[in-house]
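First comes the structure, then the notes that go with it.
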Amino acid sequence: LVVLRGSLYPTVPDWVLNFSPLPSLSSPHRNLSAFPAAQSEHLQQKMSENGALPLRGKVLTVDTMNANVKKVDYAVRGPIVQRAVQIEKELKEGVKKPFEEVIKANIGDAHAMGQRPITFFRQVIALCTYPQLLDDNKFPEDAKNRARRILQSCGGNSIGAYTTSQGIDCVRHDVASYIQRRDGGIPSDPDNIYLTTGASDGIVTILKLLTAGEGRTRTGVMISIPQYPLYSASIAELGAVQINYYLNEEKCWSLDISELQRSLHAAREHCNPRVLCIINPGNPTGQVQSRQCIEDVIRFAAKENLFLMADEVYQDNVYAEGCEFHSFKKVLFEMGPEYSSKVELASFHSTSKCYMGECGFRGGYMEVINMDPEVKAQLTKLVSVRLCPPAPGQALMDLVVNSPQPGEPSYQTFMKERTAVLSALAEKAKLTEEILNTVPGISCNPVQGAMYSFPRITLPERAINEAKAKGQAPDMFYCMKLLEESGICLVPGSGFGQREGTYHFRMTILPPTDKLKIMLNKLKEFHQKFTQQYS
Amino acid sequence: GVAEYSVIRGRDIGDVDPNAGFNRQTGRVQYQQTVTNKVIQKGNPKTELMGTPVGDRNNWSISNYFYLQVLAACFYPALLEDDSLPLDVKQRAESLLRECDGGSIGSYTDSSGITKIKHCVSQFITRRDGGVPSSPDNIFIKSGSQTIMLKLLIHSKDSCQTGVLIPVPTYASFTLAVEEQGAAIIPYHLCEEQGWMLQVEELRKALHTGRKTCNPVALYICNPGNPTGHIQSRKSIEEVIRFAAEERLFILADEVYQSCVYGDDTEFYSYKKVLSEMGSTISSTVEMASFNSVSKGFMGECGLRGGYMELVNLDPAVKQYASRLFSTRSCPPVVGQIALDLMADPPKPGDPSYPTFSEVGVFAELPGISCQPLKAGFFVFPCLHFSLKAIKWAKKRQMEPDMLYCLCLLEETGLHVRPGCEYGQRKDSHHIRLFVATQENIMEDALQRLKTFHTRFMKEFS
């Protein structure tokens, strides 16, 4: 049974199926024959009579706007960050504070924390942007060759032109080759590759395609708790149903199939679960799933007829001994045709994380496996709405999947830079876990991968009550106090989801090592003070 | 050599990706396939495609190098130590990098864009509008589509679908974006006989019809027009604003072609400027979002995805939600933001050169084709007058006549134009859309090919 089909199983949203480029001249697109004529006009009149719609009132108000948007929350850039920005302004204006700078450990932005970009990548992009530099002998030959190749495949030899909606051809080919190499030779078809504006764009697009039905048949989306709030925000925006499955904190945030089963079973009572999202390595938890676990998840998805979304943006960020990244695609195909020909999968990658940290480029791709061809055609149409992903991001993605090889002039420097970044992150991951675990009341699981720690904090009863009285989540209350007193900006665990009665925060491991040490020690001091204050 | 037509291999606003397999219009798939095949055969003199040399640096003025140099230096700051870069390039790149966290364009920025750039954009708007104030708080930098505004406005419920008034002809991807949000499209026809003018009476008619089946909340205007090339007079804009005020409609003013205005007697008026001069009742109440981008105009840097939206009279509570929606999209691409800064604050003195546009009076000489004078934008939308014989022939092939015309034109001459059926047109009328913002010699060649083909076609079907 294919989860997502075009005409046979009308699970693709109607509006996608019904679209044709020509606006209908005789009647509106959707069939509203059941809708009584003139009701709208009558309604308007009535409402203005009753004063509910004052003639001077705005067209777009909180009541008339799209209701789903009101449910959207994105903690990573939420109220605590807004306050942090305000404090930064105050500091600039000379207001005295118990600290000199705000440390923004809330967002996975490596460059903002001082990480250097990879020289080779920036050289090639500069060459693509201003091709006169191809004559400049300060640039290595391999960079120039990459630039020429990219320019040739761009429209009109310019990185400034629109590209096809699915992404520049040669980049998609290179991405497919990269995936094939990474996955030990398992073939990847460039036609299944879509370049995206960051991974977020791809994730939201697939969710859009999958969201259909109403009431009990409304699409349910399974997502881990804790999760990266793009998922909860998109699910809310699209009006799909969020189905939570809890990761096991006691077992280093591992995934239990029994928990998946429980959550699915409960969800079937009120919605139509169709998607299973998994973030590996995890955000905010950093766990790297074992190969066995990935197999189990695939088996589960196959059995329960779920579309798998594998968010793998942190695939190079693996630190802990004994941990290894296994791509869902690779495992799927190694499980044999019983699974590899059936399970529908979309995997996502991005230029924002790993060792590149190029968040501002908004580069990414997704690979779709076993998607019904009719649905895939709809997907291709859907991505055409946003025209194309930024060309520099596409070019950067090309370099990530086609990086300098041994023997090439830039190889040595490239490897040195890449290794330096990843080993620094590994060191900081360990350091964070160690220091946090010395604080009574803070307990931190090993940071196996990604870029964050997600420690559990024990909060005194009085603090919890005071927070609740304020209408604040207790961990938000804690994080706000931390911000005001030490300038450290973290994101409270409530922004990601957590088991009832537990509290956490997410902190990035990105600041330079000495700053990280200072930050961790300040945090330790604060926690002890806080605990005492509210005991 | 002639580079590829940006419309074929790439994206131009309004064109569906030629790689899309699915299409319900007969002939369309075949057409797209032919286009793709031609692209692959590129280089064969017989099938060489007409192109717009977007990447032909040789014909760009020095000021265009400025943009490329600033962008390159932002990507690779080591260039700042280079003697070959002019001082103003270095200064601009440095000042922009200072606004980026960690001095890198690889960092995330504020969701609505870098503050300094928003200031720059608001100053640009104020200058453009002769002093009408613009606040950076109402500016949202984004990567090009109007989706977020649509998302806020469209609140379709079971009882009542939200409606959006949309011009005919219009470009396809906007229509898709509206449908994607679950809204009903209420078409209003532009008047071809009067140069594709927007007539308020037509708006009124369309709205009245629309109210019978949905709840119209927004009026979408594209000025200068795509694909029509029409530019609205000041009076027309006032009428439309008054209409929107009376009928309580939210105005979506798509003004991305504002920097391509050609006629001597034509001038672009922004909706915001006209609104501000209409008396306080209207100017302080009509709600509007205007859109502009770096994709058009002298920069033409569509792939960089830089654009902005300016909100006027938006309910502050709603604006908070808009900000939140933006935050889930993380941030607009930084390079696009930089391009926007360069567009909003170009080097002075000396204006950047616009692409030269050559006369399309040639249409007047040909039988069976007529064209409204071009005032603005990148395209013309001439009308084809097919004989009954030609229409019958198309019917037999089960294709729209203009689609078939374009297919034959492409096969025989390598000239790629888009058929009017993609944009919407009155029943039984047929058009083609021709890209004209290109170099003179290319334009001459294209028109020659069209002329030759068209003459033969008309003769054959007389």
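Is it the case, given these coordinates, that A:Val102 is more than 10 Å from chain B (Cβ to nearest Cβ), within 17 Å of A:Phe361 (Cβ to Cβ) and hydrophobic (A, V, I, L, M, F, W, C)? In short, no.
Spot the failing condition for A:Lys97; the list is (1) closer than 30 Å to B:Asn215 by Cα; (2) out of contact with any Ser or Thr (no Cβ under 8 Å at 6 or more places or on another chain); (3) more than 7 Å from chain B (Cβ to nearest Cβ), and only one is missed. Here A:Lys97 meets the rest and fails (1). Residues in the stretch A:59-85 that are at pLDDT below 90, more than 7 Å from chain B (Cβ to nearest Cβ) and in contact with a Lys or Arg (Cβ under 7 Å, 6 or more places away or on another chain): 0 in all.
For A:Arg216, the conditions (1) assigned to a helix (DSSP H, G or I); (2) within 14 Å of chain B (Cβ to nearest Cβ) all hold with the exception of (2). If only one of A:Val375, A:Val297 is farther than 30 Å from B:Gln337 by Cα and either of a type in the set (Phe, Trp, Tyr) or within 14 Å of chain B (Cβ to nearest Cβ) (or both), which one is it? Residue meeting the stated conditions: A:Val375.
Yes or no: the stretch A:112-124 includes at least one residue that is part of a helix (DSSP H, G or I) and within 22 Å of the chain's Cα centre (by Cα). Within the stretch A:112-124, one or more residues are part of a helix (DSSP H, G or I) and within 22 Å of the chain's Cα centre (by Cα). Of the strands (runs of 3 or more DSSP E) that lie entirely inside the stretch A:229-341, those containing 2 or more residues that are without any contact (Cβ under 8 Å) to a residue 40 or more places away in the chain and under 25 Å from A:Val69 (Cα atoms) span A:241-246.
Number of residues in the stretch B:197-217 that are closer than 16 Å to B:His230 by Cα, in contact with a strand residue (DSSP E or B) (Cβ under 9 Å, 6 or more places away or on another chain) and surrounded by fewer than 21 Cβ atoms within 10 Å (Cβ to Cβ) equals 2.
Each row is one residue, and each column tells you yes or no for (1) in contact with a strand residue (DSSP E or B) (Cβ under 8 Å, 6 or more places away or on another chain); (2) outside any helix (DSSP H, G or I); (3) at pLDDT 95 or above.
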position	(1), (2), (3)
A:Met366	yes, yes, yes
A:Gln378	no, no, no
A:Leu382	no, no, no
A:Val385	no, no, no
A:Leu396	no, no, yes
A:Glu408	no, yes, yes
A:Arg418	no, no, yes
A:Ala426	no, no, yes
A:Lys430	no, no, yes
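Considering each residue of the stretch A:435-443 in turn, none proves to be touching a Phe, Trp or Tyr at 6+ places or on another chain (Cβ under 6 Å) and crowded, with 21+ Cβ neighbours inside 10 Å. Under the condition of being under 15 Å from A:Thr432 (Cα atoms) and assigned to a loop (DSSP other than H, G, I, E, B), the residues counted in the stretch A:497-535 number 4.
Of the set (1) at pLDDT 95 or above; (2) more than 8 Å from chain B (Cβ to nearest Cβ), all apply to A:Asp169 but (1).
Results for (1) within 9 Å of another protein chain (Cβ to nearest Cβ); (2) buried (at least 22 other Cβ atoms within 10 Å of the Cβ); (3) at pLDDT 95 or above, shown as yes or no for each residue.
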site: B:Ile114; (1), (2), (3): no, yes, yes
site: B:Asp129; (1), (2), (3): no, no, no
site: B:Lys142; (1), (2), (3): no, yes, no
site: B:Leu152; (1), (2), (3): yes, yes, no
site: B:Ser156; (1), (2), (3): yes, no, no
site: B:Leu165; (1), (2), (3): no, yes, yes
site: B:Ala177; (1), (2), (3): yes, no, no
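Residues in the stretch B:179-193 that are at the interface with chain A (Cβ under 8 Å from one of its Cβ atoms) and part of a helix (DSSP H, G or I): B:Glu179, B:Glu180. Would it be correct to say that B:Ser107 is under 22 Å from B:Ser135 (Cβ atoms), assigned by the TED database to the domain that holds B:Arg329 and either modelled with pLDDT of 95 or more or in contact with a helix residue (DSSP H, G or I) (Cβ under 7 Å, 6 or more places away or on another chain) (or both)? Here the answer is no, as B:Ser107 does not meet what is asked.
Taking interchain pairs and intrachain pairs at least six residues apart, which have beta carbon atoms under 8 angstrom, with the first residue in the stretch B:310-323 and part of a loop (DSSP other than H, G, I, E, B) and the second surrounded by fewer than 16 Cβ atoms within 10 Å (Cβ to Cβ) and aliphatic (A, V, I, L, M)? If the second residue must be surrounded by fewer than 16 Cβ atoms within 10 Å (Cβ to Cβ) and aliphatic (A, V, I, L, M), the pairs left are B:Asp315/A:Val62. Considering only residues in the stretch B:204-249 that are within 14 Å of chain A (Cβ to nearest Cβ) and in a strand (DSSP E or B), the one that is nearest to B:Tyr269 (Cα to Cα) turns out to be B:Cys222.
The values are calculated or read from the model by the stated rules, or taken from the named source; none is laboratory data. Nothing here was measured: the structure is a model prediction, and the numbers come from that model. Positions of Cβ are generated from backbone atoms using ideal geometry, with glycine treated the same way; all protein chains shown enter the neighbour counts.
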